[in-house]
Each structure stands twice: as structure tokens, then as C-alpha cells.
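Engineer: Quick one: the structure is below, questions incoming.
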Amino acid sequence: MLDLTSLNEKISLCTACKLGEDRTNAVPGEGPKDPDVMFIGEAPGFYEDREGKPFVGQSGKFLNELIKEAGLTREKVFISNIVKCRPPNNRDPLPDEIDTCEELWLSQQIKALQPKIIVTLGRHSLSRFLPNETISRVHGQPRLKGDLLIFPMYHPAAALHQPKLRGTLISDMQKLPNLIKKENKIENQEVPAQPETDEPNPKQLRML
Ligand code: SF4
């Protein structure tokens with residue numbers, strides 16, 4: 001398994017899909033190597049492409065405010081996107097571009113980082129983890145997908161176009177501290193070998 005630094009280097013040089021042709025900079029993502037929370041948006045935009053950093057435009061400013069609402073700082077969370085290169089004219093990434101980038105890089109980032117919670121930002125990100133759900137139905141509600149705890153949220157850019165979503169994003173984000181606390185508690189309760197018993201283990205209890 002590649003470490004985060006090697007992954008970043010490889011992503012910066014990647015040309016595995018068409019999006020690699022027009023980008024200025026690939027945007028692997030940024031944050032610590034052992035974050036509690038990983039935010040996954042959709043794709044870099046104009047400013048992200050120019051700077052090689054995720055969420056640095058207007059929606060990035062709002063994301064920073066949201067992160068503060070959760071009592072966190074940007075330095076404590078990992079922020080990335082489903083695809084690492086900007087689609088031309090900010091079009092939606094195509095399914096084959098998403099598949100290629102996810103298979104090559106996002107899945108490896110998740111393995112390397114092992115975040116306790118993945119916050120999906122927007123419907124494209126949500127659909128990679130919970131393809132049968134809609135954002136209007138599940139935003140602000142944690143869901144288990146295998147071993148991953150997914151916390152779906154609207155994309156911060158959605159609030160720039162629909163101001164009424166601003167309050168929804170803030171109140172969803174305010175649920176994150178309790179979720180982190182709960183995950184830490186579960187992790188501390190986990191024991192490597194389970195004795196033979198019919199009692200559910202702490203991870204199973206999370207699902208009840
Ligand atoms: S979007 Fe992903 S797969 Fe496509 S060129 Fe960029 S890094 Fe590579």
C-alpha cells in the first residue's frame with residue numbers, strides 16, 4: 001500500500017483519464033495523515049486547478065466556516081474530491097473518469113488515511129458510496145457502508161446558489177462532533193480478539 005506522500009506525487013503526474021489533458025494542476029487533497037474526518041467533494045474548480053489545493057474558492061470559504069461549526073480546523077481534517085483534475089468548463093465528471101480516478105486514487109487514499117468518518121459533499125460524492133440514496137433524503141444522517149461510516153452533506157457550493165441550504169449545511173455539520181466522539185468511544189472499546197459470545201461487538205452496536 002502506498003503512503004500519502006507517494007500517493008500525492010503519483011496523483012500529481014497522473015494522466016490516466018481525459019481530465020489529465022486540460023488541467024493546470026492535479027489536486028490530490030490536503031490534510032494530516034491520520035484524520036478523524038475526510039471530506040470528499042466532487043471535482044476541483046477554477047481556483048483549485050490553479051493552486052493545486054482543494055476548496056480554495058468561494059465554496060472553500062464556506063467549507064472553512066462549516067468546519068469551524070464542527071469545532072474543527074482545516075488542519076485537522078483531510079479534504080479531497082472524487083476526481084483530482086478539473087473537468088473543462090466545470091462540467092460534471094463523466095462516469096468513466098470517476099471510475100478511473102476512484103479506482104486508482106480515492107480508494108487508496110481512504111486505505112492510507114483510515115478516517116473514522118467520511119463526509120460526502122454533494123450528490124456525486126454521495127452516489128459513489130451510497131448509490132441508492134438521494135442527498136435530500138439522507139443528508140445529516142450517518143450511514144454504514146461496509147467498514148466506512150459515511151456522513152452525507154450537501155455540497156457547500158449548493159448554498160451559494162440556494163441560500164436556504166446554508167442553514168441545513170450548518171445544522172448538519174453541527175452533528176459531527178458527537179459523531180466523532182461516538183466513533184472514538186467505539187474504537188476505544190474494540191478488542192482485537194472477541195471471546196465466544198452472542199453479544200454484538202461495539203461495531204455491530206453502531207448499526208443498531
Ligand atoms: S482525474 Fe484522476 S484519473 Fe484522471 S488524470 Fe486526474 S488524477 Fe488521473
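Engineer: What nm distance separates the two modelled labels at LYS111 and ASP3, each placed 7 Å from Cα along Cα→Cβ?
Structural biologist: Placing both labels 7 Å beyond Cα along the Cβ direction yields 1.7 nm.
Engineer: To continue, here is another question. Taking every pair of alpha-carbon atoms in region 78-158, what share in percent sits in each 5 Å bin, from 0 to the bin with the longest distance?
Structural biologist: Over region 78-158, the share of Cα pairs per 5 Å bin runs 3, 14, 26, 26, 20, 9, 1, 0 percent.
Engineer: Given the rule -39500 (n - 2.57) for each run of at least 4 DSSP H residues, summed and divided by the residues of the chain, what is its mean residue ellipticity at 222 nm, to the nearest 500 deg cm²/dmol?
Structural biologist: So the helix-based figure for the chain works out to -11500 deg cm²/dmol.
Engineer: Quick one: what does P(r) look like for region 49-91 with 10 Å bins over all Cα pairs, in whole %?
Structural biologist: Values per bin, smallest distances first: 24, 53, 20, 3.
Engineer: What's the FRET efficiency of ASN178 with ASP96 using the Cβ-Cβ distance as r and R₀ = 35 Å, to the nearest 0.05?
Structural biologist: 0.35
Engineer: Next question, about the same structure. Quick one: if the Förster radius is 22 Å, what FRET efficiency do ASN188 and LYS145 give, using the C-beta to C-beta distance and rounding to 0.05?
Structural biologist: Plugging the Cβ-Cβ distance into 1/(1 + (r/R0)^6) gives 0.45.
Engineer: Full-extension gain between ARG137 and ALA16, please, as 0.36 nm times their residue separation minus the C-alpha to C-alpha distance.
Structural biologist: 40.1 nm
Engineer: Just list whichever of LYS33/LYS68; LYS68/LYS145; LYS68/LYS181; LYS53/LYS145 have alpha carbons separated by over 23 Å in the model shown.
Structural biologist: Long pairs (Cα-Cα over 23 Å): LYS68/LYS145; LYS53/LYS145.
Engineer: Under the definition of Cα pairs under 8 Å and six or more residues apart, what whole-number percent is the relative contact order of region 50-111?
Structural biologist: The value is 25 percent.
Engineer: Using Cα pairs under 8 angstrom and six or more residues apart, how large is the relative contact order of the chain, in percent?
Structural biologist: 21
Engineer: Shifting gears a bit: At 0.36 nm per residue, minus the direct Cα-Cα distance, what do GLU51 and LYS164 gain on full extension? Give it in nm, one decimal, please.
Structural biologist: Here the answer is 37.7 nm.
Engineer: Two decimals is fine: what is log10 I(q)/I(0) at q = 0.14, 0.17 Å⁻¹ for region 4-183, from a Debye sum with one equal scatterer on every Cα and no solvent?
Structural biologist: Taken in order of the listed q values, log10 I(q)/I(0) reads -0.69, -1.06.
Each reported figure results from applying straightforward, stated rules to the coordinates on display, with no laboratory input. Being a predicted model, the structure only gives us computed values, none of them experimental. Cβ coordinates were reconstructed from backbone atoms using ideal geometry, including for glycine residues, and neighbour counts include every protein chain displayed.
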